């Protein structure tokens, strides 16, 4: 007879633990219908004093900021909509301000970045009002904030969308935060 | 019990026969390479079936005969008899495999040596989930771009250079040739020739994400004169809006989300994210073979692509009714 040293309850306990682990496995649910067709939810234009901009209370903000898929989609739009044309691939800046540092002229909250893209800013930043869907805008906001490490670490982009030589973009290793 | 089974078999056979889609069939070749592939397929099917029938026949014979004793079947004569059969069967098997190997090799060689330096060159780039088609010509002004629909002249060799923009895809027009994979960062090349005019369906043959199943395209083989006319028309910029409605539609196109991704040559819209729409109305399908290109489906697609092709990268476009109708009139004018 084979001798076992394990207590008799070990096997059922292991099975239960495995079942509990398996139950924890959950594919991320991805919804393609974030913006119901027909809805236009751009915030009104802010034409008053100079300030960081209005904050719209959009419940989906947090969802996009903590979602790796949203960040990577935002990276795609960043390159395809030619944000990279002024802010450089990876957000190093050029004709436009760098996005990979800790300086935010118009605020670093998601709502501020959203307003910056939608309304444009003086001295060069054009307004993209009506040109980009809300979903894509929030994805872009998530990516822009991820460049300087403002979104959770596991959402940062590890690579560029395009073939490249040398090290991956800065999002994986954000610049040290300036005081 | 016996009749239902026979009926079931008949129904299954009928269902299989109905599977044949004439425009999407490797067994209905429209070019020399597809012809070779089809011939090899038929050869393998016929030889394989014959081998199956013969071996099954011997097996059944052995089962039937196995129970009986054969008197005086021993000694040298019997040994020779058995050996004759064994050597004979091994010899026939080797011969069949050898012939198949040689046939397969010569077919592969013929498929691979179809290159021709002055073939019509078309660059096909796979995107999630549509096909970008660029006609390449040494003269830059003779190049243009379209999407999801490839016109080729009958009787002329076509060189297809395939690339992938995001993930792997596979370019497959069964009536014309076998598959060729699209690999990001690498250009694959294939050649084919259409020998009879017609519309042939193509399909992405490598799983590439949510809408892999809705990533079709058409290869339209035109007689040379008709192809030349089509080519000349595609080279042109989009026609100017003909009336005030189309004018308003063009404004909608340029001032909303459309222009962020699409090109209409001759206007300020020059983005290369989505398909080139310069001659959208000259194409027969929308969204890579998902919808027929008619006003109704165009409107539905513009308003809410996510209900038609969930996961596609085109966002919903909430437009006012008059804006939508103007836009549709404009898009329909892009012949």
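The values are calculated or read from the model by the stated rules, or taken from the named source; none is laboratory data. The structure presented is a predicted model; accordingly, all values stated were derived computationally and were not measured. Note: ideal-geometry Cβ built from the backbone for every residue, glycine included; neighbour counts use all protein chains shown.
Below are the figures for this structure:
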{"read-out": "Test: residue B:327 is within 23 Å of residue B:215 (Cα to Cα), in contact (Cβ under 8 Å) with a residue 60 or more places away in the chain and outside any loop (DSSP other than H, G, I, E, B)", "value": "no"}
{"read-out": "Residues (in contact (Cβ under 8 Å) with a residue 60 or more places away in the chain and not in a helix (DSSP H, G or I)) located in the stretch A:100-131", "value": "A:100, A:101, A:102, A:103, A:129, A:130"}
{"read-out": "Residue selected from the stretch B:291-309 under the condition in a loop (DSSP other than H, G, I, E, B) and within 12 Å of chain A (Cβ to nearest Cβ), by the criterion surrounded by the most Cβ atoms within 10 Å (Cβ to Cβ)", "value": "B:309"}
{"read-out": "Failed item, numbered, when residue B:193 is tested on (1) touching a helix residue (DSSP H, G or I) at 6+ places or on another chain (Cβ under 7 Å); (2) closer than 20 Å to residue B:313 by Cα", "value": "(2)"}
{"read-out": "Residue match in the stretch B:207-224 (condition: buried (at least 18 other Cβ atoms within 10 Å of the Cβ), within 14 Å of chain A (Cβ to nearest Cβ) and not in a loop (DSSP other than H, G, I, E, B))", "value": "yes"}
{"read-out": "For residue A:93: the one exception among (1) in a helix (DSSP H, G or I); (2) at positive phi", "value": "(1)"}
{"read-out": "Residue B:40, sole failed condition from (1) in contact with a helix residue (DSSP H, G or I) (Cβ under 6 Å, 6 or more places away or on another chain); (2) at pLDDT below 95", "value": "(2)"}
{"read-out": "The listed residue being closer than 15 Å to residue B:166 by Cα and touching a strand residue (DSSP E or B) at 6+ places or on another chain (Cβ under 9 Å), out of B:210, B:191, B:186, B:200", "value": "B:186"}
{"read-out": "Among residues of the stretch A:73-90, those that are assigned to a helix (DSSP H, G or I) and surrounded by fewer than 20 Cβ atoms within 10 Å (Cβ to Cβ), counted", "value": "6"}
{"read-out": "Within the stretch B:179-204, considering residues that are part of a loop (DSSP other than H, G, I, E, B) and surrounded by fewer than 18 Cβ atoms within 10 Å (Cβ to Cβ), the one farthest from the other protein chains (Cβ to nearest Cβ)", "value": "B:196"}
{"read-out": "Residues of the stretch A:67-104 satisfying the condition of being out of contact with any helix residue (DSSP H, G or I) (no Cβ under 9 Å at 6 or more places or on another chain) and closer than 26 Å to residue B:274 by Cβ", "value": "A:79, A:82, A:85, A:86, A:88"}
{"read-out": "Scope the stretch B:111-157; condition more than 23 Å from residue B:265 (Cβ to Cβ) and surrounded by fewer than 14 Cβ atoms within 10 Å (Cβ to Cβ); matching residues", "value": "B:112, B:113, B:115, B:116, B:117, B:118"}
{"read-out": "Selection from the stretch B:252-290 of residues that are surrounded by fewer than 18 Cβ atoms within 10 Å (Cβ to Cβ), without any contact (Cβ under 8 Å) to a residue 40 or more places away in the chain and outside any loop (DSSP other than H, G, I, E, B)", "value": "B:254, B:255, B:270"}
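One line per residue, one yes/no per condition, for (1) modelled with pLDDT under 85; (2) surrounded by 20 or more Cβ atoms within 10 Å (Cβ to Cβ):
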{"position": "A:103", "(1), (2)": "no, no"}
{"position": "A:114", "(1), (2)": "no, yes"}
{"position": "A:130", "(1), (2)": "no, no"}
{"position": "A:169", "(1), (2)": "yes, yes"}
